[in-house]
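Quick notes on the structure that follows.
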Amino acid sequence: MTSETKPIFDTLADEGSAIDWNRLLTKILAAFNCSTGTIHTLDQDSQLLHLKAYQGIPEFLLPKMTVIPIGKGMAGVAAERKQPVQICNLQTDESGVARPSAKETKVEGSIAVPLMLNGRLHGILGIAKPIPYKFTLEEEETLMEIGEAISRKIVS
């Protein structure tokens, strides 16, 4: 835990409060110096990811991001694999992982991280920068720890 991520973990450790999804996302984006992000939670019955918070996403893209099937786009692939998925430059990526409309976000370095607890998926956290960027292994691990803390709040 760093001084940048401590406020995130402090917020998630507060057992008496419900999650303020927008506030949480704002703290995560600030800690990782990102401009854009989303948090989706998994509906265990339908196995669909539902948007809980977003920042920096153009309004016209929201209908495509409100509900995401597992396996579709970066968030869906991260959910399917239960592992982080990242793209150094979303604008030039040709891997097929990101949906074509993702380029409309105008971001480049992006990562989608599963919210996991005890091997079970609870959602996806996606963050991105407006420049080409490869998230470090340490950043990935910290994001996974944040995902685990979020998952604990979801199931409590």
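Hey, any hits in region 43-53 for a residue that's of a type outside the set (Lys, Arg), open to solvent by 20 Å² or more (accessible area, probe 1.4 Å), in contact with a helix residue (DSSP H, G or I) (Cβ under 7 Å, 6 or more places away or on another chain) and touching a residue at least 24 places away in the same chain (Cβ under 8 Å)?
no
Which fully enclosed strands (runs of 3 or more DSSP E) of region 27-125 have 2 or more residues being within 26 Å of ASP10 (Cα to Cα) and modelled with pLDDT of 95 or more?
Strands (runs of 3 or more DSSP E) meeting the threshold: 36-43, 48-55, 110-117.
What are the pairs with Cβ atoms under 7 angstrom where one residue, in region 1-27, is open to solvent by 60 Å² or more (accessible area, probe 1.4 Å) and the other, located anywhere, is part of a loop (DSSP other than H, G, I, E, B)? Sequence gap at least six, or different chains.
Between residues of region 1-27 that are open to solvent by 60 Å² or more (accessible area, probe 1.4 Å) and residues that are part of a loop (DSSP other than H, G, I, E, B), there is no close pair.
With the condition kept exactly as written, say whether any residue in region 56-66 is touching a residue at least 12 places away in the same chain (Cβ under 8 Å), in contact with a Lys or Arg (Cβ under 7 Å, 6 or more places away or on another chain) and surrounded by 13 or more Cβ atoms within 10 Å (Cβ to Cβ).
no
The values are calculated or read from the model by the stated rules, or taken from the named source; none is laboratory data. Keep in mind the model is a prediction, meaning the values are calculated, not measured. All Cβ positions, even for glycine, are placed from backbone atoms using ideal geometry, and neighbour counts span all protein chains on display. The area values use the complete protein model at the heavy-atom level, side chains included, leaving out ligands, DNA and RNA. Shrake-Rupley method; radii C 1.70, N 1.55, O 1.52, S 1.80 Å.
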